[in-house]
1. For a quick protection proxy, order the peptides 133-142, 243-252, 222-231 by their average other-Cβ count within 10 Å, most packed first.
2. Provide the per-residue ³J(HN,Hα) series for segment 255-260, in order, calculated from phi with Karplus coefficients 6.51, -1.76, 1.60 and θ = phi - 60°, each as a whole number of Hz, with x at glycine and proline positions.
3. Find which of Thr123, Thr100, Asn138 sits farthest along the positive direction of the dipole of segment 86-200, computed with +1 on the beta-carbon of Lys and Arg, -1 on that of Asp and Glu, about the Cα centre.
4. Once you place label points 7 Å from the Cα toward the Cβ at Glu148 and Glu181, how far apart are they in nm?
5. Which entries of Lys86/Lys176; Lys14/Lys95; Lys176/Lys253; Lys253/Lys275 show an alpha-carbon separation above 27 angstrom in the structure shown?
6. Let me make sure I get this right: for segment 44-199, a, b and c are the square roots of the gyration tensor eigenvalues over alpha carbons, sorted descending. Under 1.5 in a/c it's rounded, otherwise prolate if a/b > b/c, else oblate. Which is it?
7. Calculate, in nm to one decimal, what Glu130 and Gln99 gain on full extension: separation in residues at 0.36 nm each, minus their alpha carbon distance.
8. How large is the charge dipole for the chain, taken about the Cα centre, if only the Cβ atoms of Lys, Arg (+1) and Asp, Glu (-1) carry charge, to the nearest 20 debye?
Amino acid sequence: MNFTAKDVAALREKTGCGMMDCKKALTASDGDMEGAIDFLREKGLAAAAKKSGRIAAEGVAYACTNEAGNVGVIVEVNAETDFVAKNDDFNNFVKTVAQTIIDCAPADIEALSECKASGTDMTVAALLQEKILTIGENIKIRRFDRKEGVVVTYNHGGGRMSVLASFEAPAAVASKPEFTEYAKNIAMQIAAITPNYVCPEEVPADVVEHEKKILTEQIINDGKPANIAEKIVAGRLQKFFKEICLTEQPYVKDGDLTVSQYTEQTGKALGGDIKILSFTRFEKGEGLEKKEDNFADEVASMVK
């Protein structure tokens, strides 16, 4: 047996399946977690695997644009406790980092560290060390993205989640308040429904092929003949795209429209074509494990 009870529990958490089914899946996949998820999906036992990223680390996600509104950034900065994430000094540091990314357009975190922090005489790396000393917690700039052109940002839940999206639209359209409202609505859609891609054309071929394989196995296991499985797969694949592609999703404020139809409708009303080019969505602590302290042990150590 190449798996443990913890692996079974982890698989149950990800798929919502029963313990015995999870044991069978791990046995069949020789302990491989992804293979076990596929096994359960092929048997029709797991409707969809839950996201493996566990939201646990503290800090903030933050997005903003420059004054001209043609450069947008999104950044995640982590700290050890939620208390520090609400600290003004910490949040001002996050805003300084965001402004530095706007001003310097660094290629990555390493390049950002060497940039002169906007409004100071220090590098970002030196300013970070100063904040660690004065705030008293480990602080880490985890990731960022920067986009130019027609951009919009959206922050939700006091730093819990942020979105940066870019669009293609004529200047006469992009300058209208109705476009600003549309763009904000799209950013809110991304925040709420968490798409993986803009449109079906963006989905990598290997992801589509993998999903086709899972769907085909499901249909054959349901007793359907292989010769009609292909037609059924094509239909179910459209449902898959609706789940992971922004343009195919029902628009949250009007379920009768897809995001694509809402975009087309808005473009017609404003007198020019609008295209969603890309988006980045950060949720603080996404995929990070948080240190779990035993409260009883902590109290006992304080008493000693």
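The values are calculated or read from the model by the stated rules, or taken from the named source; none is laboratory data. Not measured: the values here are computed from a predicted model. Backbone-built Cβ (ideal geometry, glycine too); neighbour counts: all protein chains shown. Each accessible area value is taken on the protein alone, full model and side chains, heavy atoms only, with ligands, DNA and RNA left out. Shrake-Rupley method; radii C 1.70, N 1.55, O 1.52, S 1.80 Å.
1. Answer by packing, highest mean first, reads 243-252, 133-142, 222-231.
2. Result, rounded to whole Hz: x, 7, 10, 7, 4, 4.
3. Asn138
4. Those two pseudo-labels are separated by 3.2 nm.
5. Lys86/Lys176; Lys14/Lys95
6. Oblate is the answer for segment 44-199, as a/c is 1.5 or above yet b/c matches or exceeds a/b.
7. 9.4 nm
8. For this selection, approximately 700 debye.
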